[in-house]
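In what follows, a single structure is set out as structure tokens and then discussed.
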Number of protein chains: 2
Amino acid sequence: MITKPLILITNDDSIHAPGLRKLITSVEGLGRILVMAPNKPQSGQGHALTVEEPLRIYLQRSDDDYTEYACSGTPADCIKMATQQILERKPDLILSGVNHGANTSVNAIYSGTIAAVIEGCMMGIPAIGFSLNDNGWKADLSHIGDYIRQITENVIADGLPDYVCLNVNFPAKNAEPIRGIRVCHQGLGEWSEDFEKRIDPQGRDYYWIKGVYKYNDPRPDTDIIAIRENYVSIVPTMFDWTAKNMVEPFKKRFQNV
Amino acid sequence: MITKPLILITNDDSIHAPGLRKLITSVEGLGRILVMAPNKPQSGQGHALTVEEPLRIYLQRSDDDYTEYACSGTPADCIKMATQQILERKPDLILSGVNHGANTSVNAIYSGTIAAVIEGCMMGIPAIGFSLNDNGWKADLSHIGDYIRQITENVIADGLPDYVCLNVNFPAKNAEPIRGIRVCHQGLGEWSEDFEKRIDPQGRDYYWIKGVYKYNDPRPDTDIIAIRENYVSIVPTMFDWTAKNMVEPFKKRFQNV
């Protein structure tokens, strides 16, 4: 008897997000599924862990091949909690998303969706993050299900190299069909944060963060360009942040300080 | 007249941390200083931003060449707030730390200290994170001040390449003097989270995260090894997470899905 793949699913928009539901239905039947997703929005939480307070988990549903928990923590907490406390063995695959909003370019760095994927990758588990270039809670998700399933099946069949996970982004639904998949580089870009200052009823200042994204990457083969041209982007993503080309030059520079 | 360098300083252990004070005194006189540090501990916050609630800032002190604010947000928030709302021009340098606890190996990924540095790097500002391999609030910091100053002076004089920042770690104070600086690779390793389950007075389960770090990297030139051998480690660090060696192989694999 062949054991079914064990698939762990999370996201950062919370267990209530339509994107999470889309992801779950898109991979139905491919294996046993455990969902462990935040019980409140965790967008922009990056790779945060919950260390100052304890975590709680809440069983939502448990059928033969499907179990679902809500967790009080971040997406990275969810992966740790599921793998260390709930699952009897290492999952075969981690899926995260579908995020309501693109995680192209430097957005990946702020993303709880991608942090969950990196967390899996650090544990040696193949992991894929899915995001849609549409922030709306009611975003049209009808064009992405087949791609999610195909990419997931591909990774179940052939795995991923050590220390590499996938950051997959979909264009927002538009009049044209998706043109295919492009494997890309993470685009360069910058969030210019233009805080909005307000005054509370006690007369004290407070600030809302409100970013403007500036894309300033001349390369043709980035995730941003792929999405703009109506392709699905896949960026092979790693957690080794060493700027390897600078190790030797910096030896000369700093080891003689 | 030569303008003094403008140095922005933050950390993740909060504005009350001895490590932050050590960093400030170590670079005294090298430029005008703006401190914008979290008003509460933000360890393990990774690259989290505060988006669900507003931010507040609190002026602590303002002299000619020294201004200090506490901020209700994360280290990444602090960098954004300082550069976008407080400073009249882009700072010449961002310093973060000294963190109470090493940010070697995969710890960098969870670190608010390093997130602040990455944030600066994304803005095109030279940035250095300093961390000490000692978690204690009363850790002995007497052996690191000269290194902090030398590395900072080096970066003020010669800058850093685009898209590259520095992750600097110091060994804990011990009987031997530090042996020098080693430019290294970010070590591989894994946190195995062994949650501690407890029961609250209402009879409900809750969980404290408590990790055990496993180092499993055979390479000799990592930050972990440098610290063990009583060297200061410097890892040139970047925010392009693309696994570049997998772009071409994955084109063959996924673009024909």
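The values are calculated or read from the model by the stated rules, or taken from the named source; none is laboratory data. Here the structure is a predicted model, which means the values were calculated and not measured. With ideal geometry, Cβ positions are generated from the backbone for all residues, glycine too; neighbour counts draw on all protein chains shown. All accessible areas refer to the heavy atoms of the entire protein, side chains included, with ligands and DNA or RNA removed. Shrake-Rupley method; radii C 1.70, N 1.55, O 1.52, S 1.80 Å.
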Query raised in the report: Do any residues of region B:47-68 lose at least 20 Å² of accessible area when the full set of protein chains is present rather than just their chain alone, and if so which, with a 1.4 Å probe?
Result: B:HIS47, B:ALA48, B:LEU49, B:VAL51, B:GLU52, B:PRO54, B:LEU55, B:ARG56, B:ILE57
Report summary line: Expected field for B:GLU53, accessible surface area in Å² at 1.4 Å probe radius, rounded to 10, holds 120 Å²
Requested in this report: Please list the non-local residues whose amide H lies under 5 Å from the amide H of B:HIS185, H modeled 1.01 Å from N, same-chain partners needing a gap of 5 or more.
Outcome: B:THR222, B:ASP223
Report summary line: Rounded to a whole number, the Stokes-Einstein D of the protein assembly as shown in µm²/s (Kirkwood radius over Cα pairs; 4 °C; 1.567 mPa s) is 56 µm²/s
Requested in this report: Any chance you could run the full-extension gain for B:ASN174 through B:LYS138? It's 0.36 nm times the residue separation minus the Cα-Cα distance, nm to one decimal.
Outcome: 11.5 nm
Report task. Compute the label zone of A:LEU59 within region B:194-234: residues whose backbone N is under 13 Å from the point 7 Å along Cα-to-Cβ. Result -> B:205
**Report entry** Overall Cα dimensions of region B:39-124 - principal axes, largest extent first, Å
**Finding:** 38, 29, 23
Query raised in the report: Given region A:178-252, what whole percent of its Cα pairs are spread farther than 15 Å?
Result: 72 percent
Report summary line: With a 1.4 Å probe and ligands and nucleic acids left out, the total accessible area lost when B pairs with A, in Å² to the nearest 100, equals 7600 Å²
Report summary line: Which of B:LEU132, B:LEU93, B:LEU188 fluctuates most in a GNM of chain B (C-alpha springs under 10 Å)? That residue is B:LEU188
Requested in this report: Could you pull out the trypsin sites (Lys or Arg not before Pro) across region B:55-105 that fall in loop regions by DSSP (anything but H, G, I, E, B) with no more than 11 other Cβ atoms inside 10 Å?
Outcome: B:ARG89
**Report entry** Delta accessible area of at least 10 Å² on complex formation, residues of region B:235-250, 1.4 Å probe, chain isolated as reference
**Finding:** B:PRO236, B:THR237, B:MET238, B:PHE239, B:ASP240, B:TRP241, B:THR242, B:ALA243, B:LYS244, B:MET246, B:VAL247, B:PHE250
Report task. Choose one answer from B:ASP92, B:ASP77, B:ASP64: the residue with the largest mean-square fluctuation in a GNM of chain B with alpha-carbon springs under 10 Å. Result -> B:ASP64
Query raised in the report: Efficiency by 1/(1 + (r/R0)^6): what FRET value for A:TYR163 and B:LYS252, r their Cβ-Cβ distance, R0 = 22 Å, to the nearest 0.05?
Result: 0.65
Report summary line: Square roots of five times the C-alpha gyration tensor eigenvalues of chain B, ordered largest first and given in whole Å, equal 28, 24, 22
Requested in this report: Be a star and scan region A:56-74 for residues whose amide nitrogen sits under 18 Å from the point 7 Å along the Cα-to-Cβ vector of A:THR3.
Outcome: A:64-67
Report task. Go through region A:53-160 and name the GluC sites (Glu not before Pro) that are in a DSSP coil and have 10 or fewer other Cβ atoms within 10 Å of their Cβ. Result -> A:GLU88
Query raised in the report: Of the accessible area of chain A, with the probe set at 1.4 angstrom, what percent is carbon plus sulfur?
Result: 48 percent
Requested in this report: Just give me a number: lysine pairs in chain A, eight or more positions apart or cross-chain, with C-alpha atoms less than 20 Å apart.
Outcome: 10
Requested in this report: Pop out a list of residues from region A:206-221 that are at least 30 Å² less accessible with all the protein chains around than in their chain alone; 1.4 Å probe, no ligands or nucleic acids counted.
Outcome: A:TYR206, A:TYR207, A:TRP208, A:ILE209
Report task. Calculate how many DSSP beta bridges within the protein assembly as shown are antiparallel, expressed in % of all such bridges and rounded to the nearest 5. Result -> 40 percent
Query - Qualifying trypsin sites (Lys or Arg not before Pro) for region B:149-209 [loop in DSSP, other Cβ within 10 Å: at most 15] - result: B:ARG179, B:ARG204
Query raised in the report: Taking every residue in B:171-184, how many Cβ atoms of other protein chains lie within 10 Å of its Cβ, on average?
Result: 2
Report task. Determine the calculated [θ] at 222 nm for chain A from helices alone, applying -39500 (n - 2.57) to every DSSP H run no shorter than 4 residues and normalising by the residue count; nearest 500 deg cm²/dmol. Result -> -6500 deg cm²/dmol
Report summary line: Sorted by chain and then number, the residues having a modelled amide H within less than 5 Å of the amide H of A:GLY101, at least 5 places away or on another chain, are A:LEU132, A:ASP134
Query raised in the report: So what is the accessible area of the protein assembly as shown per residue, in Å², with the probe set to 1.4 Å?
Result: 40 Å²
